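The values are calculated or read from the model by the stated rules, or taken from the named source; none is laboratory data. For clarity, every value in this text was computed on a predicted model and none was experimentally measured. Cβ atoms come from the backbone with ideal geometry, glycine included; neighbour counts cover every protein chain shown. Quick note on the areas: whole protein, heavy atoms, side chains included, nothing else; ligands and nucleic acids left out. Shrake-Rupley method; radii C 1.70, N 1.55, O 1.52, S 1.80 Å.
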Amino acid sequence: MAPFTGQAPGQQGSAPGSRIDPNQIPRPPPPADAFLFETRVNGTANLPPAATSSFVVRDTGNCSPKFIRASLNQIPLSADLLTTSAMPLSLMIQPFALQDPADTPVHVVDFGEMGPIRCHRCKAYINPFMRFVDHGRKFICNLC
């Protein structure tokens, strides 16, 4: 029995007639120094940097791409356009993603001992879809 060499029978180390040139295989660029990424510039959203890049986030109104990243940077206006494009639309959500120490910290709202405002009937938390009445003193729950 022949000794095991880790190669297929008849295969030699680097074949001189190989048609694959290792220098032509695409590779991701080497990581560069971390750069500052602002989530909004002049009131408009900024396109997120590449997922493989190193960046420090300054939260200026949008979520950091370290927490939420979409498979498409531009969302199609209609479902028909999304179907025609044949591109998958998905979100990768990582609420506990590790942050760089230089990143802007996530703002936390302290509601005190009472906790966040909730509906008295269904116990739903306050959300942007609740309708405020009586000059903001009362709200109508969107779930009830």
State the number of residues belonging to segment 98-144 that are under 23 Å from the mean Cα position of the chain (by Cα), of a type in the set (V, I, T) and surrounded by 10 or more Cβ atoms within 10 Å (Cβ to Cβ). 2
If I filter segment 44-97 down to residues being free of Cβ contacts under 8 Å to residues at least 12 places away in the same chain and open to solvent by 100 Å² or more (accessible area, probe 1.4 Å), which single residue comes out as nearest to A34 (Cα to Cα)? F96
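For segment 75-125, which positions are in contact with a Pro (Cβ under 6 Å, 6 or more places away or on another chain) and either among the aliphatic types (A, V, I, L, M) or modelled with pLDDT under 85 (or both)?
Within segment 75-125, just L82 meets the criteria.
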Give the residues of segment 96-131 that are closer than 19 Å to S54 by Cα and touching a Phe, Trp or Tyr at 6+ places or on another chain (Cβ under 6 Å), sorted by residue number. A97
